[in-house]
């Protein structure tokens, strides 16, 4: 007869990932000639469940290195960007999401995808990918085999070697009837 047990444990109740694109511009004092580099650093974020949606709030710093004055001088402009995104999580039927906690992970760090110069403004697009997991209590049914003996026999190897040595005859070839 099979015997089942129910275990209450924390598990991933739902998860998903989403790519976000944020488009911005920075005003600069000097008219840029070229953009020499764009870095996104200090990315911080957190998630909050609000009904059937998850709100992700975060921020990052953007540093844009550009040349001006016909590529004879350079400067770096810095800006902190705050964002708030709402994500729908598909909830499965029969799953209780009450009290579920949220884990947000960066699957792809924010990177500068596109940069354009328009007069004294530098337009840029930052792309990032976040993974969101809902963690909560759930029940798992498992089959229990009560007849299983999970104890393993411990063999003393030194005694086993002594037994083998006793059984081995050094005169094996002489003891056998081999015709010459």
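What follows draws every value from the coordinates through simple rules; no lab data is involved. Here the structure is a predicted model, which means the values were calculated and not measured. Note that we place each Cβ from the backbone using ideal geometry, even for glycine, and neighbour counts take in every protein chain shown.
Label point 7 Å out from residue 135 along Cα-to-Cβ: which residues of segment 16-41 have amide N under 16 Å? Answer for segment 16-41: 16. Listing 54, 144 from fewest to most neighbouring C-beta atoms within 10 Å gives 144, 54.
Taking the helices alone, the chain has a mean residue ellipticity at 222 nm of -2000 deg cm²/dmol, built from -39,500 (n - 2.57) per DSSP H run of at least 4 residues and averaged over all its residues.
Divide the volume of the convex hull around the Cα atoms of segment 52-108 by the residue count and you get 115 Å³ per residue. If R0 equals 41 Å, the separation of the Cβ atoms of residue 95 and residue 63 corresponds to a calculated FRET efficiency of about 0.45.
Both radii are taken from the alpha-carbon atoms of segment 1-100; with Rh as the Kirkwood radius, Rg/Rh is 1.28. What is the distance, in nm, between label points placed 7 Å from the Cα along the Cα-to-Cβ direction at residue 121 and at residue 21? Result: 1.8 nm between the two label points. Extending 7 Å from Cα along the Cβ direction at residue 107 and again at residue 4 yields two label points whose distance is 3.3 nm. Of 124, 83, the sequence from fewest to most neighbouring Cβ atoms within 10 angstrom is 83, 124. Compared with the alpha-carbon gap, the fully stretched path from residue 142 to residue 164 is longer by 3.5 nm at 0.36 nm per residue. Largest mean-square fluctuation among 166, 121, 141, in a Gaussian network model of the chain whose springs join Cα atoms under 10 Å apart, belongs to 166. When the Gaussian network model of the chain links Cα atoms closer than 10 Å, the mean-square fluctuations of 136, 47, 119 top out at 119. For the chain, the relative contact order is 32 percent, taking Cα pairs closer than 8 Å that sit 6 or more residues apart in sequence and dividing their mean separation by the residue count. Kirkwood radius, the chain, all distinct C-alpha pairs, inverse of mean reciprocal distance: 23.0 Å. Among 60, 66, 97, the ranking by other beta carbons within 10 Å of each residue's beta carbon, starting with the fewest, stands as 97, 60, 66. You can think of it this way: the chain between residue 74 and residue 153 has 21.0 nm of extra reach, that is 0.36 nm per residue less the Cα-Cα gap.
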